[in-house]
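The structure appears right after this line, and notes come after that.
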């Protein structure tokens with residue numbers, strides 16, 4: 001009888017292993033291989049390390065755009081960005097745009113190449129060999145960026161691209177060129193229509209972030225954030241959460257690493273086609289909560305360590 005009982009208990013515990021495993025994010029995530037090329041008149045042009053070093057002296061701002069299956073929204077987003085950059089007192093050659101193609105299975109790459117046919121924007125395509133998540137795509141993008149300042153922004157252009165001028169001036173002048181300017185939609189609370197389910201999930205996530213996130217930022221999830229190059233590269237080098245909750249880790253790392261953060265309201269409007277809905281909002285929320293709690297624990301016990 002005891003042996004039968006042990007058998008059933010063992011079988012039950014083994015059946016729980018997949019569930020337990022799903023509750024733990026990867027301890028030491030590895031990014032997929034990637035390749036960066038320049039988009040020139042619809043063609044892929046290889047660039048060497050020496051080319052990038054030469055371009056670094058002229059590049060004031062790198063704009064990193066993560067993209068996964070964005071064929072329906074990318075051209076509109078890039079057109080809005082080009083329009084905003086054209087109003088800058090700086091020449092267009094002072095900017096570079098790095099589109100991080102996160103293992104897309106649609107025509108995202110073709111859209112990016114085709115866009116380069118009609119303008120002289122310094123547009124780069126960084127292709128990851130497989131999908132690894134928005135945080136992972138940005139981590140690769142920050143590693144490749146050469147600008148004096150680095151802006152991360154979503155492909156849909158939900159945040160008005162003209163806000164980059166305001167962020168650029170705040171970071172250069174008000175913050176003396178060091179730190180991070182974080183876009184915020186907190187001032188729009190109550191003005192944006194959301195379902196009851198989505199509102200409950202949002203408020204629950206904010207409560208968990210306040211407890212475990214080590215940040216005072218009210219809107220951690222806005223995709224519009226600008227860093228000076230040294231701070232941005234230092235922070236993203238330490239990012240381990242590669243999917244939806246990476247923003248919280250970024251801001252937590254800013255706190256731990258002494259990077260000054262300034263939260264600034266932005267003009268924002270929802271654009272159809274969010275990948276949150278595709279993955280299932282409830283399941284995404286559960287994984288985000290899991291990741292934030294696990295992140296705090298992993299740093300507290302020393303499994304994850306901050307490397308300067």
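Points worth noting:
- Among beta bridges identified by DSSP and lying wholly in the chain, the antiparallel ones come to about 45 percent.
- Extension gain, residue 307 back to residue 87 (0.36 nm per residue minus Cα-Cα distance, nm): 75.3 nm
- Pairwise label distance in nanometres, residue 207 with residue 172, each label 7 Å out on the Cα-Cβ vector: 4.4
- At R0 = 25 Å, FRET efficiency that the Cβ-Cβ distance of residue 269 and residue 94 yields, to 0.05: 0.35
- Value of relative contact order over the chain, rounded to a whole percent, pairs C-alpha under 8 Å and six or more apart: 21
- Helix 281-301 vs. the chain, principal-axis angle (Cα, 0 to 90°, nearest 10): 80
- The modelled label-to-label distance for the pair residue 120/residue 160, using points 7 Å beyond Cα in the direction of Cβ, is 2.9 nm.
- In the chain, the longest principal axis of the Cα atoms and the axis of helix 246-257 are about 80 degrees apart.
- With helices as the sole contributors, the chain gives -13500 deg cm²/dmol at 222 nm; each DSSP H run of n ≥ 4 counts as -39500 (n - 2.57), and the sum is divided by every residue.
- Principal-axis analysis of the Cα atoms of the chain puts helix 74-86 at an angle of about 50° to the longest axis.
Where a number appears in this text, it was derived from the coordinates with a stated rule and is not lab data. Everything numeric here is computed off the predicted structure, so don't read it as measured data. Note: ideal-geometry Cβ built from the backbone for every residue, glycine included; neighbour counts use all protein chains shown.
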